[in-house]
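Notes follow the structure.
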Number of protein chains: 2
Amino acid sequence: VARLPPLPFVYPILDLALLDGRGVEDVAAALAAGGAGLLQVRGKGVADGALLDAVRRAQGVARARGLDVIVNDRPDVALAAGAAGVHVGQDDLPPAACRRLLGPAAIVGFSTHSFDQLVAAAREPVDYIAVGPVFATATKADAEAVVGTALLRAARAHTRLPLVAIGGITAANAALAVQAGADAVAVISAVLGGGDVAQRTRALRAAVAGAS
Amino acid sequence: VARLPPLPFVYPILDLALLDGRGVEDVAAALAAGGAGLLQVRGKGVADGALLDAVRRAQGVARARGLDVIVNDRPDVALAAGAAGVHVGQDDLPPAACRRLLGPAAIVGFSTHSFDQLVAAAREPVDYIAVGPVFATATKADAEAVVGTALLRAARAHTRLPLVAIGGITAANAALAVQAGADAVAVISAVLGGGDVAQRTRALRAAVAGAS
């Protein structure tokens, strides 16, 4: 896990659909200033060329602040942008295919939504496993059933791979996720949903650090 | 152009949304039997893992028949499947990025819909340029304005790169496209829209061969 930031960390997902008029660079800079440990860029429904452009712009800002960028779903965009890695879900290109495309030094993350998926994921060449949705979320329209902290605890008992809690995480409940075994909390609305992005990221970081 | 099949050729696009219950392997086999020169697999709206699976299955059939497979939009899927190349549009990953990802031996094709785009495309590291829609088409909901054979003629006068005519091409009008300068005709409905796939491909091949 030498490539991941020190655990536990805050892992914001910069969803291009939630920019709400803000610039990618500005948001990335605020997330970095707030102490994000890793930054994921997600552009579902965005044209591939525009996604590549956004990843490059986020990276221009993030890298200068020591923050690595992960691309959601798309190893080709990660490769083209020279990003640090990719995060894929159950229906995306398989983690093993991503690993072959990106090489051993890249970060490959994989989403799971059940214990069976977690067990299978732990056998894949991944750097972390995301588990969720831990809490109810409104950000993902097609979100799976809430798995609660119970799945995090079961996952923690099963694998030593870093676990990323995702789904409905806020500064108010982030500590619960970490106490259940999460090494990181992935957040979208909690940082992009309104208010000062850097300050909200900082609050999450404090919650996560205080819980570990 | 050593990697492309002998010109002119028929270039079917196996659109996974148009399978209509038919198996990918069966359709690919019929297209090969009908004399397709190159086969593109397109899966817009299909999950990435399912697209990869379909490309692999099409390829298992096509390669054994000497037919190369090109993946629409996705160089990562092409790489993961070991496909012959990728076809991208104006809003996708740029051809130069695809070339870097896939290497010099891959086929990279690029769509254009105007003379300005054609001129720009001719400066990119592409193996062919698609021009269209040459005729009216119903297959692509967001299709651009019909460019007619006029753009094909202008393109032919501008570049020696192989030109692929696309959009509304049938056995009845394919000769017009070739006479206007096309080196290949890309077809979807004309082969997948009903009837015997191999026979419809054969009819297109005869039309194209007779026109050149």
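Could you pull out every residue, at least 5 positions away or on a different chain, whose amide H is within less than 5 Å of the one on A:Ala130? Hs are placed 1.01 Å off N in the peptide plane, and Pro or chain starts have none.
Distant-sequence amide H within range of A:Ala130: A:Phe110, A:Ser111, A:Thr112, A:Val164.
Which distance in Å, rounded to a whole number, links the C-alpha centroids of the stretch A:1-50 and the stretch B:32-100?
So the separation of the two Cα centres works out to 30 Å.
Run the numbers on chain B and let me know its relative contact order in percent, using alpha-carbon pairs under 8 Å that are six or more apart.
RCO, chain B: 21 percent.
Could you compute the net charge surrounding B:Tyr128? Neighbours are other residues with a C-beta less than 12 Å from the C-beta of B:Tyr128; K and R count +1, D and E count -1.
Counting the neighbours of B:Tyr128, the net charge comes to -1.
Identify, for chain B, the residue whose C-beta comes nearest the rotation axis onto chain A, and round that distance to whole Å.
B:Asp76, 2
Before anything else, pin down the relative contact order of the stretch B:1-52: Cα pairs under 8 Å, at least 6 apart, normalised by residue count, whole percent. Intermediate values should be presented prior to the final figure.
Numbers: 46 pairs, mean separation 24.7, N = 52.
Dividing the mean separation by the residue count of the stretch B:1-52 yields 47 percent.
Would you work out which of A:Pro125, A:Ala209, A:Ala145 lies farthest towards the positive end of the dipole of chain A, given +1 charges on the beta-carbon of Lys and Arg and -1 on that of Asp and Glu, about the Cα centre?
Farthest along the dipole direction, towards plus: A:Ala209.
Using bins 10 angstrom wide from zero, how does P(r) for the stretch A:90-133 break down, in % of all Cα pairs?
Going out from 0 Å in 10 Å bins, the stretch A:90-133 shows 30, 57, 13 percent.
May I ask for the net charge around A:Leu151, where only other residues with Cβ less than 14 Å from the Cβ of A:Leu151 are counted and Lys, Arg are +1 while Asp, Glu are -1?
Numbers: positive: A:Arg153, A:Arg156; negative: A:Asp116, A:Glu144.
Counting the neighbours of A:Leu151, the net charge comes to 0.
What is the list of residues in the stretch A:159-197 whose amide nitrogen lies under 17 Å from a point 7 angstrom out from the Cα of A:Ala150, following Cα to Cβ?
Under cut-off, by backbone N: A:177, A:180-181.
What distance in nm separates the simple spin-label points at B:His158 and A:Asp20, each placed 7 Å from Cα in the Cβ direction?
If labels sit at B:His158 and A:Asp20, their model points lie 4.3 nm apart.
May I ask you to report, in nm to one decimal and beginning with the shortest, the distances from A:Gly45 to the same position in the other copies, taking label points 7 Å along Cα-to-Cβ?
Spelled out, the distances from A:Gly45's label point are 1.5 nm.
Just flag the trypsin sites (Lys or Arg not before Pro) in the stretch B:150-212 sitting in loop per DSSP whose Cβ has no more than 11 other Cβ atoms within 10 Å. Walk me through the numbers before you get to the answer.
Working: sites: B:Arg153, B:Arg156, B:Arg160, B:Arg200, B:Arg202, B:Arg205; in loops: B:Arg160.
When the trypsin sites (Lys or Arg not before Pro) of the stretch B:150-212 are filtered for loop state and at most 11 Cβ neighbours within 10 Å, B:Arg160 remain.
Could you calculate the FRET efficiency of B:Leu7 with A:Arg57 from 1/(1 + (r/R0)^6), where r is the beta carbon distance between them and R0 is 41 Å, rounded to 0.05?
Working: r = 41 Å, r/R0 = 1.00.
Taking R0 as 41 Å, the efficiency between B:Leu7 and A:Arg57 is 0.50.
Please compute, for the alpha-carbon atoms of the stretch A:97-180, the extent along each of the three principal axes and give them in descending order in Å.
37, 29, 23
Summing +1 for each Lys or Arg and -1 for each Asp or Glu, what net charge is found among the other residues whose Cβ lies under 11 Å from the Cβ of A:Asn72? Write out the running numbers ahead of the final one.
Values: positive: A:Arg42, A:Lys44, A:Arg74; negative: A:Asp15, A:Asp73, A:Asp92.
Its environment carries a net charge of 0.
Using a 7 Å offset from the Cα along the Cα-to-Cβ direction at both B:Ala105 and A:Ala120, what is the distance between the two label points in nm, to one decimal?
3.3 nm
Using just the helices of chain B, give the 222 nm mean residue ellipticity in deg cm²/dmol: DSSP H runs with n ≥ 4 each add -39,500 (n - 2.57), and the total is spread over all residues, rounded to 500.
Details: 9 runs with 85 residues, N = 212.
After summing the helix terms and dividing by the residues of chain B, the value is -11500 deg cm²/dmol.
Answer rounded, prolate or oblate for the stretch B:1-86, using the Cα gyration tensor with square roots of eigenvalues a ≥ b ≥ c: rounded when a/c is under 1.5, else prolate when a/b is larger than b/c, else oblate.
Details: a/c = 1.75, a/b = 1.24, b/c = 1.40.
Cα axes put the stretch B:1-86 in the oblate bin.
Which order results if A:Asp53, A:Asp76, B:Asp196 are arranged by neighbouring Cβ count within 10 Å, fewest first? Mind showing how you got there, number by number?
Working: A:Asp53 17, A:Asp76 30, B:Asp196 12.
By the 10 Å Cβ count, ascending, the order reads B:Asp196, A:Asp53, A:Asp76.
Every read-out reported here was derived from the displayed coordinates using simple, explicitly stated rules and does not represent laboratory data. Just so it is clear, the structure is predicted and the values come from calculations on it, not from any experiment. For neighbour counting, all protein chains shown are included, and Cβ atoms are generated from backbone atoms with ideal geometry for every residue, glycine included.
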